[in-house]
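Enquirer: Structure incoming, see below.
Readers should treat all values here as calculations from the given coordinates under stated rules, not as data from a laboratory. None of these values were measured; they are calculated from a predicted model. So basically every Cβ, Gly included, is an ideal-geometry build from the backbone, and we count neighbours across all protein chains shown.
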Amino acid sequence: MNKNEQNRSQAISAVFKALGHPSRVFILEKLKETEHCVCELSEMIGADMSTVSRHLGILKKAGIVADRKEGTTVYYSLACNCLGQMLSGVENILRRQIESQSDVLSSMRT
């Protein structure tokens, strides 16, 4: 692996690492629908606002979410619509895993 390939792989890995927490994935699922402020996300997740702000900071640093300020409120949205498609792709992978496991269990019964 050359230096450019290594840098690219590390950058991609950092994005996936930022997605490596269930609350952050939940945040993305909600932002896929519409933008939200920290207080709204905090209520949905059931976590305090400082925890949600930390999660949003990690997602923002990774380039996954964008923010805009309106008065004293900061609203967050997906930085790229393709992130919603990525989440759908992961759901497809999970469905395939479940189907495969179901097939294995079915074959064990016969």
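Enquirer: Give me the net charge of Y76's neighbourhood, meaning all other residues with Cβ under 15 Å from the Cβ of Y76; Lys, Arg count +1, Asp, Glu -1.
Expert: Numbers: positive: R24, K30, K32, R54, K60, K61, R68, K69; negative: E29, E33, E35, E40, E43, D67, E70.
Cβ neighbours under 15 Å give a net charge of +1.
Enquirer: Additional query: Take each uninterrupted DSSP H stretch in the chain, measure its Cα extent along the helix axis, and return the ones at 24 Å or beyond whose mean Kyte-Doolittle hydropathy is at least -1.0. Write down the numbers at each step before the final one.
Expert: Values: long enough: 82-109 (41 Å, -0.14).
Length and hydropathy pass: 82-109.
Enquirer: How big is D for segment 3-79, in µm² s⁻¹ as a whole number, if Stokes-Einstein is applied with the Kirkwood radius of its Cα pairs at 4 °C and 1.567 mPa s?
Expert: 100
Enquirer: Can I ask one more? Ranked by Cβ crowding within 10 angstrom, fewest neighbours first, how are I27, I45, I93 ordered?
Expert: On the way: I27 25, I45 17, I93 9.
Fewest-to-most ranking of I27, I45, I93: I93, I45, I27.
Enquirer: Under a 5 Å amide H to amide H cut-off, with H placed in plane at 1.01 Å, what residues pair with C37 once short-range neighbours are removed?
Expert: Placed amide hydrogens put Y76 under 5 Å from C37.
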